[in-house]
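A short write-up of the structure that comes next.
The values are calculated or read from the model by the stated rules, or taken from the named source; none is laboratory data. None of the values given here were measured: they were computed from a predicted structure. Heads up, the Cβs are rebuilt from the backbone with ideal geometry, glycines too, and the neighbour counts pull from every protein chain shown. All accessible areas refer to the heavy atoms of the entire protein, side chains included, with ligands and DNA or RNA removed. Shrake-Rupley method; radii C 1.70, N 1.55, O 1.52, S 1.80 Å.
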Amino acid sequence: MTTSEATAAEDRPVRAFAWAWLPNATEPVLTGRIDVVGDRHFFTYARSYLARSDAISLYVPELPLQRGPQGPANGLALAGCLRDAAPDAWGQRVILAEHHGRLTRSSDTGDLSILTYLLESGSNRIGALDFTDAADDYQPRHTDASLDELQKAAGLLDSGEPLSPTLAAALVRGTSIGGARPKALVTQAGQHWVAKFSSTTDHYPVVKSEALALALARRVGVNVPAGELSRSLGRDVLLLQRFDRTPAGGRRLLVSALTMLGLDEMFGRYATYVDLADLVRSRFTRPDPTLRELFSRIAFNICIGNTDDHARNHAAFWDGQALTLTPAYDLCPQPRSGSEAAQAMAYSPAGERASRLGQLVSAAHVYHLDEGSAQDIVNSQVEGIRMSWNEAAEAAHLTQVERDLLWGRQILNSFIFS
C-alpha cells in the first residue's frame, strides 16, 4: 500500500447515522447507524426509532424492524435501500473533484468510500433518507445556488477545469443523485426539480432528446413527471419536477429495481423485467395495472430507442408495507449507428432482449396481458408517436436537422417492427 493509499484509508469514515422522513412527516427522525466492518456495512436501528409507534422498516426484505446489527444480504457491501440514497457516477465525480481540486483522466471515484459519498452529498437527495456523522443534531447540507451557477460549475467540472471553493461547494450540495450525466437538484419558487445539463461531450442533442421522449410519453399515456425545457448560460437544461416530494413538504421513500431484485451494480446485468414482474405480483399495490404500465414502458422504450433501461432506472415508492411504481424517468433515445438494438433487461422468460415489438408482445403473459391487449398497447403507442411527432418535436425545440437525426433511427426504427 502506498503512502497516499494508506492516508486515504485512514481518512475513510467508519460510521454514519441515518435519518428518515416518515410518511406524512415534514421533519426527519434519527433512524439508525451504519458501521463499517471490513468491506461490509452493518445497519442498526436506533432504540428511540424502534420505540416509535409510527416506525417503519426502511425496506422489509433487507432491513426488517428489529434490534441489533443487520448485515447486507446477497453478498452486497451495503443494503440496497441505503445505497439508493447515494450519488452515482456524476455525483461521485463532483465530490471527488472537491477533494482533489479538479478531475483528471486518472481520477478514480473508488478513491473515496461509499460512506464519504453518503455523508458529503447534499441533503436534498432523492428519496426520504439523509446521513450525518452525528446522532444528536440534524444539520442539513443545502445549496441556494442559482441554476446558472450550477450549470457553470457542472460545465467546468465536465471539462476538467478547477472550480472555485464557492462553486465546488454549491455543486456538491446540489448533487446527490444517480446517473452518469451532469445534473443537480434545485428548488425554485418552492418547487423541487432535477436539472439535467448539456455536456461538452454530447455528440447529439441529449437534453432535447429526453425532452422529446417525455413529450411523446405523455401523449401515449406513459406515466412521467412534469417537466420543461429551459436555457441556462446559452445551453439547454431539462427541468423535471420531483415525484419524491409531497406538497406539504414531506419526502417519500424510494427503492430502485436493483434493490428490489437484491442486486448491486456489479450484478445488475442479471436483472430482468421477468423477475421484476414477479415482484410486482407479490409486493406491489395494484399488481395488474402496474404490470400493464410496466409492459407499456418497455414498449415505449423500444419505440424511442431507449436501451438504457437498466434496473437502477426503475423505482418504486415504499410506505413500510408495499411498493408502488414511480413515474417513469431517464427516458432518453440512445445513439444508434445500425438497426439492431437490445434492451438492457430481458423481457421474456426465454431471455429475449432484442428491441422488437413483436417479441415483446409474445411475452404478454408475463405482464398478465393476452396478446391481443398487448398488441393494442403497442399499436396505440406507435400510432400516437406518429401522430404527435411534430407537436412533441416542437415542444422539445428540435431543429429540422435534429428531427431528421432522430426519426427512423432512434424513434420508430424499422428494426422494432421486424
> Quick one: how many Å² of residue 325 are accessible to a 1.4 Å probe, rounded to 10?
Replying inline: 30 Å²
> If each of residue 70 and residue 161 carries a label point 7 Å out from its Cα toward its Cβ, how far apart are those two points in nm?
Replying inline: 4.7 nm
> Magnitude of the Cβ-charge dipole of the chain, K/R +1 and D/E -1, about the Cα centre, nearest 20 debye?
Replying inline: 360 debye
> Taking trypsin sites (Lys or Arg not before Pro) that fall in a DSSP loop and have at most 14 other Cβ atoms within 10 Å as cut points, what is the longest piece of the chain between them?
Replying inline: 106-418
> Applying 1/(1 + (r/R0)^6) with R0 = 35 Å to the Cβ-Cβ distance of residue 51 and residue 107, what FRET efficiency is obtained, to the nearest 0.05?
Replying inline: 0.20
>> Full-extension gain between residue 203 and residue 283, please, as 0.36 nm times their residue separation minus the C-alpha to C-alpha distance.
In response: 24.7 nm
> Given that just one value was derived from the coordinates, which of [x] 57, 48, 47; [y] 68, 51, 38; [z] 129, 67, 45 is Cα extents along the principal axes in Å?
Replying inline: [x]
> Percent antiparallel among DSSP beta bridges with both residues in the chain, to the nearest 5?
Replying inline: 95 percent
>> Which of the three applies to segment 196-286, rounded, prolate or oblate, going by the alpha-carbon gyration tensor with a ≥ b ≥ c and a/c under 1.5 meaning rounded?
In response: prolate
